[in-house]
Amino acid sequence: MKYGPAVRRRKLGAELRALRDRAGLTSGEVAQLVGWHQSKVSRIETGASNAKPADVGVLLDTYDVRDPQLRALFEALAGADGEGAARHQWWHAYKGLLPPEYRDFISLESQACRVRTLETAVVPGLLQTPEYARAVTRAALDGLPEGQVDELVQVRLARQDVLRGEPPLELSAVIDEAVLRRPVGGYGVMGRQLRRLAEVARLPHVSLQVLPFAAGGHVGLTGPFLIFSFPNIADLDVVVLDHLTSSLYLERKEDLKAYTEAFNSLQEQALSTEDSLEYLTGIGEGT
């Protein structure tokens, strides 16, 4: 499988971190041995920054990795992570519009096999209609030129291709009732969005559950989040928390465990997929 830039960085970083652990070295000790700042070692291991093939070679020497095939694999992961690789991703055409964090998010999404998401404010981006996406973009980025709004909506719609891929992305979404009651773009736009949700909820690879007001307080009150999972590399699951100007990526085992348990709890509190579909249909007919 060919991984996207963000996934490759994280895959490479995780493997290098494992090699360091096996060598019995701390990141600070490695930094001293190779003459780098400790933050450089940490950023490479977390996938926060690109690792040049030459840098990977230095680390492999430090960890006494001599196998030529293994070295070639590591250096290929590093070498494939630059602009040349990005040109083969559709979102590269929007490089001037999209910040690096959003491009990384799209790269992760495009390579994931499963996404679990809690939404408390808006309909998940992968399920938005064009007019709803436009209304959300205008509300969140007030004053943005119309041409840029158009491009951002195009990006949002292009992202939805992952639900039509082979195999399609498996999506499990828990949506707070407040999302369904808020008439973003007006009642006409919202009515059509609700009917779209009801259509998508019938897809075999989509699990959509409504978290009703009647559920009362729940762990999701702290805010929305996503959990990306990837084929064949389960140890690289990542939690994404969106903020107004950036996204926070959580990868520690403790964080992944906490958010996985939180999502499981939310699914238990939410309506079943069957009852959620009935609920969506009822709200949509009344809008």
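Points to keep in mind about this one:
- Fraction of alpha-carbon pairs over 22 Å apart in the stretch 5-78 - percent: 10 percent
- Dimensions of the stretch 159-287 along the principal axes, based on C-alpha atoms and rounded to the nearest Å, stand at 44, 38, 31, largest first.
- Relative protection proxy for 14-25, 200-211, from highest mean packing down: 200-211, 14-25 (other beta-carbon atoms within 10 angstrom).
- Under a 5 Å amide H cut-off, with hydrogens placed 1.01 Å from N, Leu208 pairs with Ala173 among residues at least 5 apart or on other chains.
- Tensor-based shape of the stretch 168-232 (alpha-carbon gyration tensor, a/c under 1.5 rounded, otherwise prolate or oblate): oblate
- Vicinal HN-Hα couplings computed from phi for the stretch 272-277 (Karplus, 6.51 cos²θ - 1.76 cosθ + 1.60; Hz; Gly/Pro x): 5, 4, 5, 5, 5, 4
- Computed label-point distance, nm, for sites Thr46 and Thr62 using a 7 Å Cα→Cβ extension: 1.7 nm
- Applying 1/(1 + (r/R0)^6) with r as the Cβ-Cβ distance of Thr281 and Leu221 and R0 = 35 angstrom yields a FRET efficiency of 0.85.
- Backbone HN-Hα couplings from phi across the stretch 92-99 [Karplus 6.51/-1.76/1.60, Hz, Gly and Pro as x]: 4, 5, 9, 4, x, 9, 8, x
- Each of Arg252 and Leu144 was given a label point 7 Å from its Cα along the Cα-to-Cβ line. The distance between the two points is 3.2 nm.
- Listed values (i) 1.12; (ii) 0.93; (iii) 1.20, entry calculated as Cα Rg over 2.2 N^0.38 Å: (i)
- Calculated [222 nm] ellipticity per residue, helices only, for the chain: -16000 deg cm²/dmol; basis is -39500 (n - 2.57) per DSSP H run with n ≥ 4, divided by all residues, nearest 500.
- Against the main long axis of the alpha-carbon atoms of the chain, helix 53-62 sits at an angle near 60°.
- Within the straight-line cut-off of under 26 Å between alpha carbons, the lysines reachable from Lys52 are Lys2, Lys11, Lys40, Lys95, sequence neighbours fewer than 8 places apart in one chain being disregarded.
- Carbon/sulfur fraction of accessible area - the chain, other protein chains in place, 1.4 Å, %: 53 percent
- Helix 187-200 vs. the chain, principal-axis angle (Cα, 0 to 90°, nearest 10): 60 degrees
- Solvent-accessible heavy-atom area per residue, rounded to whole Å², over the stretch 29-176 at 1.4 Å: 48 Å²
- Lys, Arg +1 and Asp, Glu -1 on Cβ, resulting dipole of the chain about Cα centre, debye, nearest 20: 520 debye
- The angle separating the long axis of helix 100-111 from the principal Cα axis of greatest extent in the chain is about 80 degrees.
The values are calculated or read from the model by the stated rules, or taken from the named source; none is laboratory data. Remember, it's a predicted structure, so these values are computed and weren't measured experimentally. Quick reminder, even Gly has a Cβ in these numbers, built from the backbone with ideal geometry, and neighbours come from all protein chains shown. To get the accessible areas, we keep the full protein, side chains included, count just its heavy atoms, and leave off ligands, DNA and RNA. Shrake-Rupley method; radii C 1.70, N 1.55, O 1.52, S 1.80 Å.
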